[in-house]
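The values are calculated or read from the model by the stated rules, or taken from the named source; none is laboratory data. Here the structure is a predicted model, which means the values were calculated and not measured. Here the Cβ positions follow ideal geometry from the backbone for every residue, glycine too, while neighbour counts run over all protein chains shown. In case anyone asks, the SASA skips ligands and DNA or RNA and just uses the protein heavy atoms, side chains included. Shrake-Rupley method; radii C 1.70, N 1.55, O 1.52, S 1.80 Å.
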Amino acid sequence: MKKLILVFLFLIASAFARDIKVQVLGSGGPELNDNRASSAYIIWVDNKSKILVDFGGGAALRFEEVKAKIEDLDIILLTHLHIDHTADLPALLKASFFSNRFKDIEIYGPDKGLFVPDTKTFINRLFENKKGAWEYMGDFLDGNAQFKLQTTVIPFSKEIKTIYDKNNIKIEAISVNHGPIPATAYKVSIDGKSITFSGDMSGKYSTLEKLAVNSNILIAHNAVPKGAQGVAKNLHMTPDIIGYIAKEAKVKNLVLSHRMLRTLGKEDITKKEIRKYYEGKINFAEDKSIYLVQ
């Protein structure tokens with residue numbers, strides 16, 4: 001009888017479960033000549049573009065191509081404030097002027113560091129009245145536009161912090177090491193399914209494996225090849241580190257993104273290094289690749 005009840009409850013939950021997908025808008029880095037947009041991702045919930053993670057150069061065009069809608073967005077998560085993760089935010093905001101969006105957008109991002117401001121200051125410097133680079137967009141900060149940007153700064157922490165918990169969508173964050181640049185990884189859980197985004201990072205803090213535990217999908221950045229040294233290794237995970245983290249976190253599906261000219265064409269070597277540790281699914285992302293979260 002107990003088994004029948006559990007089966008019945010499972011069938012009910014399955015019937016009402018939302019359809020969740022993650023789509024790669026930009027699978028590249030800051031380079032030109034790679035035929036890729038820079039880092040950007042959408043989480044689709046019941047075919048609505050609800051959550052953005054980063055929005056680098058070229059992402060606005062990809063956003064249009066996949067028929068995402070500004071009206072459906074609830075949240076923008078910024079892993080860090082490098083150009084290749086944020087460059088198309090002004091384009092997105094300007095485009096929203098011509099949409100039917102009236103609900104505020106929540107933006108989350110890391111605190112200040114040696115070479116970058118905190119995320120709220122960053123957004124203000126873009127759009128603030130009489131001070132911003134695009135000061136004519138200041139209405140989106142002072143509440144005089146059809147909606148407002150609500151920016152939250154995530155303090156540095158090597159412990160997992162819940163930053164959002166509404167409508168059965170839970171977002172957790174933890175700091176990761178990206179050299180001198182403050183950076184944040186995110187885990188988005190919806191109806192018991194989860195996607196973790198590493199952003200750009202090395203493995204020095206050993207924090208991503210804590211955050212990503214049992215994720216259905218881990219999107220990790222494959223920006224440097226086996227044997228990388230110096231500045232590159234200080235900023236990014238080598239393939240063996242990616243494999244180790246995926247194994248420790250017991251993720252079901254590993255998606256490699258932020259692919260650069262120095263890693264493109266080296267997929268076999270990269271996969272071999274990851275396989276030293278991780279035996280699960282491995283996918284190499286392309287722009288507009290889409291993955292079911294299951």
Practice prompt. Could you run through the range 151-163 and say how many residues are touching a residue at least 40 places away in the same chain (Cβ under 8 Å), open to solvent by less than 80 Å² (accessible area, probe 1.4 Å) and either out of contact with any helix residue (DSSP H, G or I) (no Cβ under 7 Å at 6 or more places or on another chain) or part of a loop (DSSP other than H, G, I, E, B) (or both)?
Written response: 4
Worksheet item: Do you know which residues across the range 176-200 are closer than 22 Å to Arg259 by Cα and open to solvent by 10 Å² or more (accessible area, probe 1.4 Å)?
Response: Asn177, Gly179, Pro180, Ile181, Pro182, Lys187
Fill in: Matching option when the condition is of a type in the set (Val, Ile, Thr), out of contact with any Lys or Arg (no Cβ under 9 Å at 6 or more places or on another chain) and touching a residue at least 12 places away in the same chain (Cβ under 8 Å), among Ile195, Ile181, Ile169
Ile181
Worksheet entry | the range 130-145, subset assigned to a helix (DSSP H, G or I) and surrounded by 10 or more Cβ atoms within 10 Å (Cβ to Cβ), residue modelled with the lowest pLDDT | Asp142
Worksheet item: Which residue out of Asp84, Asp54 is at pLDDT 95 or above, within 12 Å of the chain's Cα centre (by Cα) and surrounded by 21 or more Cβ atoms within 10 Å (Cβ to Cβ)?
Response: Asp54
Fill in: Candidates Gly203, Gly113 - the one that is part of a loop (DSSP other than H, G, I, E, B), more than 16 Å from the chain's Cα centre (by Cα) and crowded, with 18+ Cβ neighbours inside 10 Å
Gly203
Fill in: Positions within the range 255-270 being in contact (Cβ under 8 Å) with a residue 12 or more places away in the chain and open to solvent by 50 Å² or more (accessible area, probe 1.4 Å), in sequence order
Leu261, Arg262, Lys266, Ile269
